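Please read the structure below before turning to the comments.
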Amino acid sequence: MTDPSMPATITLPAGFLLGASTAAYQIEGGASDGGRGPSIWDTFSHTPGRTAGGATGDVAADHYHRVAEDLDLIASLRLDAYRFSISWSRVMPEGEGRVNDTGLAFYSDLVDGLIERGVEPIVTLNHWDLPQALEDRYGGWRGRETAYAFEKYAEVVGAALGDRVRIWSTHNEPWNNSFTGYGHGVFAPGVRSHADALRAAHHLNLSHGLGVQALRRTITRADAQVSVTLNIFRVEAETPADAEAARRFDAVANRVFTGPMLRGAYPDDLIHDTQHLTDWGFVRPGDTEICHQPLDLLGINYYEVMHVRAARDVVDHPTAGTAFPGSEYVELFRPADLEKTAMGWTVEARGIEDHLIALSRDFPGLPLMVMENGAAFADDVSVVDGEQTVEDHERVAYLADHLAATCRARERGADVRGFLVWSLLDNFEWAEGYGPRFGVVRVDYDTLERIPKRSAHWLAQRCATRTLPALDVGAPAL
Ligand code: IFM
């Protein structure tokens, strides 16, 4: 007889997509190959002092040259779905106008290769690597013209891949694109201006709406699902007295995107909180209607809970060296008693469960998909019988707990359609270079050899058996 007090094995729901995510600049390399033009991340990473150890994406995981091997790797893991992003400057080297057929063919072949292997391709159009030409010509996302260039780019990609790709995201984490790139300057293009960050956020919102319209015009699959992937933060106030701090942070971090994209308006409190920085004159009549397009899916990237409390003095964000616009007196903190990843991020699986339930209530009728969840840990390579292995039990525990929490959120009514691990491969972690390793597959950066870690075998088993054994959940990392 089974003990009812023991947690049961979780069976993954039919149709639930389990897989892994990557992004172009983080894995591709081949930075000047096949007619690719430079992106703002090429320029930024080649500028001294911008990335740890001067790391660039010139080679990264060399996926551009090893795509056949990587397709076989994906197939060997039996992933349901593989999410990748398209390098805009590989497809349109100047960001607009001329289309580079070689670049487009690379992605078309990748899509075919996935479908042949029974893996669902999921495409993101913008994962931060804006063509440098658009930065030079229009000031990048500060320029309204960039939103219209994005519309054309979406049209080109939609027309080329829209007969085969079902699931699409316009942008990945526009928060980082705008606030980290144009506000804090820690990411490309390295601009430090809160007013510019808000301006960039609006043009990303506008481009999302234009991009959705362009995809709907060009995709021919009748069952297409168009989404945007946001890292909506799970914001938790330390005490009831910190509720105002939580409201402010939620406005500038989350509702600046969900307002126009999902509700058709910028929140009044956000405009009020940031009026000392900008008059919001860049929002033209009719813009928010464009931003607000019907979506089939909302992509969510979740890593940790954002714990906030009110502060007496202006608080600079620890990694950014500056405060958040309109949230100058808000402190983000990480409770000391919680486990941390190699990024210093807290491990709180219950956060994803609460988050998905809250989001499904906030946006009823809009299905959710976890497009990224994962963790960096200091992986040790050991050699067993002459073979290299990585026994990354901490990552297995992290993923098992977060997948279980996602399934619980589903059982409690959240319409979650899938869970994608960040990331398939160790990769270029932006300003942090190649130090943090998020992959379930290790990349030896000297030889570029791929070594599936214990977590890759764990993921393959989940995909094959469609179960998550209770033993894995809450298991201490060995
Ligand atoms: O590597 C990034 C990814 O590009 C976007 N989401 C968070 C990941 C980990 O920092």
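The values are calculated or read from the model by the stated rules, or taken from the named source; none is laboratory data. All of these numbers come straight from a predicted model, not from anything done at the bench. For neighbour counting, all protein chains shown are included, and Cβ atoms are generated from backbone atoms with ideal geometry for every residue, glycine included.
Of note:
- Every residue from the stretch 343-391 that is within 16 Å of the ligand (Cβ to nearest atom), more than 28 Å from ASP415 (Cα to Cα) and touching a helix residue (DSSP H, G or I) at 6+ places or on another chain (Cβ under 6 Å): PHE377
- In the stretch 89-104, the residues that are closer than 16 Å to THR146 by Cα and touching a residue at least 60 places away in the same chain (Cβ under 8 Å) form Cβ pairs under 8 Å with partners that are among the hydrophobic types (A, V, I, L, M, F, W, C) and not in a helix (DSSP H, G or I), at six or more places apart or across chains, as follows: VAL91/VAL99; MET92/VAL99.
- Residues within the stretch 307-329 that are within 19 Å of VAL256 (Cα to Cα) and without any contact (Cβ under 8 Å) to a residue 12 or more places away in the chain, tallied: 1
- Filter result (more than 11 Å from the ligand (Cβ to nearest atom) and touching a Gly at 6+ places or on another chain (Cβ under 6 Å)) within the stretch 426-444: GLY433
- Helices (runs of 4 or more DSSP H) contained entirely in the stretch 57-132, each with at least 3 residues that are under 22 Å from the mean Cα position of the chain (by Cα) and under 24 Å from GLY15 (Cα atoms): 67-76, 101-116
- Filter result (touching a residue at least 60 places away in the same chain (Cβ under 8 Å), hydrophobic (A, V, I, L, M, F, W, C), more than 15 Å from ARG454 (Cβ to Cβ) and away from the ligand (no atom under 16 Å from the Cβ)) within the stretch 392-425: LEU403, ALA404, CYS407, VAL416
- Screening ALA336 with (1) assigned to a loop (DSSP other than H, G, I, E, B); (2) surrounded by fewer than 20 Cβ atoms within 10 Å (Cβ to Cβ); (3) within 23 Å of the chain's Cα centre (by Cα) gives one miss only, at (3).
- Count of the stretch 133-148 residues, restricted to those that are part of a helix (DSSP H, G or I) and farther than 25 Å from ASP58 by Cβ, is 6.
- The set of residues in the stretch 364-394 being under 24 Å from TRP430 (Cα atoms), of a type in the set (Gly, Ala, Ser) and out of contact with any strand residue (DSSP E or B) (no Cβ under 8 Å at 6 or more places or on another chain) consists of ALA375, ALA376, ALA378.
Here's the yes/no breakdown for (1) out of contact with any strand residue (DSSP E or B) (no Cβ under 7 Å at 6 or more places or on another chain); (2) assigned to a loop (DSSP other than H, G, I, E, B):
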{"position": "VAL396", "(1), (2)": "yes, no"}
{"position": "ALA400", "(1), (2)": "no, no"}
{"position": "LEU420", "(1), (2)": "no, no"}
{"position": "GLY435", "(1), (2)": "yes, yes"}
{"position": "THR447", "(1), (2)": "yes, yes"}
{"position": "TRP458", "(1), (2)": "yes, no"}
{"position": "ARG462", "(1), (2)": "no, no"}
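- Of all residues in the stretch 339-364 being touching a residue at least 24 places away in the same chain (Cβ under 8 Å) and not in a helix (DSSP H, G or I), the one that is surrounded by the most Cβ atoms within 10 Å (Cβ to Cβ): GLU348
- For the stretch 383-394, the set of residues classified as under 12 Å from ARG442 (Cα atoms) and part of a strand (DSSP E or B) consists of GLN388, THR389, VAL390, listed by residue number.
- Residues located in the stretch 155-176, provided they are under 18 Å from the mean Cα position of the chain (by Cα) and part of a helix (DSSP H, G or I): PRO174, TRP175, ASN176
- Pairs where the first residue, in the stretch 157-182, is in contact (Cβ under 8 Å) with a residue 60 or more places away in the chain and over 21 Å from SER193 (Cα atoms) and the second is among the β-branched types (Val, Ile, Thr) and within 12 Å of the ligand (Cβ to nearest atom), C-beta under 7 Å, 6+ apart: SER169/THR124; SER169/THR229; ASN172/THR124; ASN172/THR229
- Residues of the stretch 260-282 that turn out to be crowded, with 21+ Cβ neighbours inside 10 Å and assigned to a loop (DSSP other than H, G, I, E, B), as a count: 2
- Count of residues meeting criterion [in contact with an Asp or Glu (Cβ under 6 Å, 6 or more places away or on another chain) and closer than 26 Å to GLN461 by Cα] in the stretch 12-71: 5
- Qualifying residue in the stretch 100-111 (condition: within 16 Å of the ligand (Cβ to nearest atom) and either within 20 Å of VAL165 (Cα to Cα) or surrounded by fewer than 18 Cβ atoms within 10 Å (Cβ to Cβ) (or both)): no
- Residue within the stretch 67-82 that is farther than 21 Å from ILE115 by Cβ and either at pLDDT 95 or above or surrounded by fewer than 24 Cβ atoms within 10 Å (Cβ to Cβ) (or both) present: no
- Residue satisfying all of: in the stretch 305-326; at pLDDT below 95 and under 18 Å from ASN231 (Cα atoms); farthest from the ligand (Cβ to nearest atom) among these: PRO325
- Matching residues in the stretch 283-303 - criterion: being within 20 Å of ALA200 (Cβ to Cβ), in a loop (DSSP other than H, G, I, E, B) and under 26 Å from the mean Cα position of the chain (by Cα): VAL283, HIS292, GLN293
- Annotation note: Cβ proximity below 6 Å between a residue of the stretch 428-452 that is farther than 24 Å from PHE44 by Cα and a residue that is more than 10 Å from the ligand (Cβ to nearest atom) and of a type in the set (Asp, Glu) (sequence gap 6+ or interchain) occurs for ARG442/ASP426.
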